[in-house]
Amino acid sequence: MTLTNKVSYLLGFIVMLGFSLWLVVQINESDLLTFQQSDNSLPDAYAHHVVFTQMNGQGRLKSRFYADELKHYNNGITTLEAPYGILYDNANNPLNMGGVLTANENTHLKSGEQKPPWTIKADQGELRDNGNLLYLWGHVKIHQEEGKNNQATLFITEALTYYPKTRIAKTKEAVQITQSDGSTVTARGMNANLESGEVDFLSQVRTRYEIQP
């Protein structure tokens with residue numbers, strides 16, 4: 001496999017992922033293997049230690065995803081081993097969990113301020129729909145560290161669908177959300193917009209508060 005062909009496959013990955021704005025894929029040449037496969041059950045490309053970097057319209061870092069292993073198949077699906085993402089350039093909105101939990105008024109940001117990035121991790125992942133959909137499963141966690149203007153927040157579920165362009169995360173599985181003010185919400189299913197800060201639960205919603213020392 002020539003270097004030219006390897007570069008062609010890299011460009012194919014960029015098109016396949018379909019992330020808006022500017023996307024850079026970092027793969028060490030020695031870690032990339034490509035194959036000619038007629039069997040869709042076998043990968044046609046394989047790579048270790050992959051980094052996807054997305055920039056916004058101003059050339060600033062928007063998000064970065066890592067994967068220990070990547071496999072691309074002829075059917076357009078790309079599997080990811082141990083995917084981990086960092087979402088920068090967050091909208092300046094407090095978290096509002098469907099009216100169940102509303103962020104304290106002090107969490108509203110002043111103009112130009114930003115909150116810490118969200119992180120997303122799971123045991124396994126699949127990129128589908130030309131990269132517009134990332135399906136995650138196995139110990140899925142979405143986390144945001146506590147900052148000057150926001151509480152620490154942790155989502156935990158077993159399976160979740162994430163849409164990179166809109167930063168919407170959806171699941172029909174059991175989900176638990178905890179915040180550093182001592183509040184915990186459990187529910188069956190949720191729709192969360194990490195850009196706007198809105199979270200809606202589907203059913204079986206329970207809320208618990210623990211008094212912080």
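Being out of contact with any Phe, Trp or Tyr (no Cβ under 6 Å at 6 or more places or on another chain), surrounded by fewer than 15 Cβ atoms within 10 Å (Cβ to Cβ) and among the basic types (Lys, Arg) is true for just one of LYS148, LYS141. Which residue is that?
It is LYS148.
Does at least one position in the stretch 189-208 carry a residue that is assigned to a strand (DSSP E or B), of a type in the set (Gly, Ala, Ser) and closer than 19 Å to LYS141 by Cα?
Yes, some residue in the stretch 189-208 is assigned to a strand (DSSP E or B), of a type in the set (Gly, Ala, Ser) and closer than 19 Å to LYS141 by Cα.
Considering each residue of the stretch 154-194, count those that are more than 13 Å from the chain's Cα centre (by Cα), crowded, with 17+ Cβ neighbours inside 10 Å and within 12 Å of ILE120 (Cα to Cα), and give that number.
1
Can you pull out the residues in the stretch 140-191 that are on the phi > 0 side of the Ramachandran plot and in contact with a Lys or Arg (Cβ under 7 Å, 6 or more places away or on another chain)? It would help to see each step written out before you state the result.
Looking only at the stretch 140-191, we keep the residues that are on the phi > 0 side of the Ramachandran plot, and these are 167, 182, 189.
Scanning the stretch 140-191 gives a single hit, GLY189.
Return the pair list, or none, for Cβ contacts closer than 6 Å from residues in the stretch 145-157 that are assigned to a loop (DSSP other than H, G, I, E, B) to residues that are among the hydroxyl-bearing types (Ser, Thr, Tyr) and surrounded by 16 or more Cβ atoms within 10 Å (Cβ to Cβ), at least 6 apart or on different chains.
Sorted first by the residue in the stretch 145-157, then by its partner, the pairs are ASN149/THR107.
Values in this text are rule-based calculations from the coordinates and carry no lab data. Since the model is a prediction, treat every value here as computed from it, not as a measurement. Glycine gets a Cβ as well: all are built from the backbone with ideal geometry, and neighbour counts include every protein chain shown.
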